[in-house]
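What follows is calculated from the coordinates using simple rules that are stated; it is not laboratory data. No experiment lies behind these values; they were computed from the predicted model shown. As a convention, Cβ positions derive from the backbone with ideal geometry for all residues, glycine included, and neighbour counts pool all protein chains shown.
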Amino acid sequence: MKIAIFSNDKPKSRTFRNKLSRELRDRNIILTSRDPDIVVTVGGDGTLLSAFHRYAHQLDRIRFIGVHTGHLGFYTDWRDYELPELVEALTKDSGQSVSYPLLDVYVEYFDGGHDHYVALNESTIRRVNKTMKSEVYIRNELFESFRGDGLCISTPTGSTAYSKSLGGAVLHPRLEALQMTEVASINNRLFRTLSSPIVIAPDEFITIRPDAQEDYILTVDSFTHRVRPISQVTFRVAKERIHFARYRHMHFWDRVEDAFIGSKQSHVKRS
């Protein structure tokens, strides 16, 4: 088995990375950043997102493990004080995993060019200084004419990220679906949108056709792309999936409760 360790540069993460590297080498496990079987990320969700995009072309044969060294990690199952347990689990690995759906983002430009991305959390399209005007289609049928700051399309796991802050619902990752949430939509006698998040089925897709302008910003997870004039962006459930090595199971709603409410921990402390 070949393992890559992908870490941020914070002292706590570097210390854990170095200790983990020594422990794995002592067990004759190959450490390499090229064609690994497992990628262990050390940091938080941002670190895992960076690793995901680093290895996006190898998703069919890579499993990820997240180690949390900061304050909040939704994708990270392990804590930095659990080094012996993690090493033991890696040593006895039997290929177990759980997979989550991803977002396919296909961008077409007025000059005939195109770009293709895969997102773990979400993608947004926004205009910088003025109102974004765009037509929104579902399966090539016009759904609404949008006016506002922008639109966010998220995966089920991404529903706990930016989409949630926009008022979107939290979706269980077993749902093969996408969610679109509005960013500061304009609703008056002239402009009218649904003004509500929508969730679409896996065989459907969303196409956004903005007015021809040059000041749009397209984001894919935490990465920002200032792009040339966009003809349209199409979002659908990706063919690829992300796979996490799961040596212990944490129920999705327990993960949500722990990340955003924490009432169980508070109850334990009070007890």
> Given the rule -39500 (n - 2.57) for each run of at least 4 DSSP H residues, summed and divided by the residues of the chain, what is its mean residue ellipticity at 222 nm, to the nearest 500 deg cm²/dmol?
Replying inline: -6000 deg cm²/dmol
> Once whole DSSP H runs in the chain are found, which of them have Cα atoms spread over 24 Å or more along the helix axis and a mean Kyte-Doolittle score of at least -0.5?
Replying inline: none
>> Could you tell me which residue out of V233, L83, N129 lies farthest along the dipole of the chain toward its positive end? Charges go on the beta carbon: Lys and Arg +1, Asp and Glu -1, centred on the Cα centre.
In response: L83
> So if R0 is 35 Å, what FRET efficiency would D149 and H57 give, r being the distance between their Cβ atoms, rounded to the nearest 0.05?
Replying inline: 0.60
>> Tell me the Rg and the Dmax, in Å, that the Cα atoms of region 12-165 produce.
In response: 19.6, 60
>> What is the distance in Å between the Cα centroid of region 4-46 and that of region 125-179?
In response: 35
>> What number results when the radius of gyration of region 102-239, computed over Cα atoms, is divided by 2.2 N^0.38 Å?
In response: 0.96
> Given H placed on each backbone N at 1.01 Å, which residues far from T41 in sequence or on other chains put an amide H within less than 5 Å of it?
Replying inline: F6, I65, G66, V67
>> Using the basic label-point model (7 angstrom from Cα toward the beta carbon), what is the N188 to R226 distance in nanometres?
In response: 3.0
> For the chain, what D do you get in µm² per second when you plug the Kirkwood radius from alpha-carbon pairs into Stokes-Einstein at 10 °C and 1.306 mPa s?
Replying inline: 79
> Taking a 28 Å limit on the Cα-Cα distance, which of the listed pairs K19/K92; K19/K164; K133/K164; K130/K164; K92/K239; K130/K239 fall beyond it?
Replying inline: K19/K164; K92/K239; K130/K239
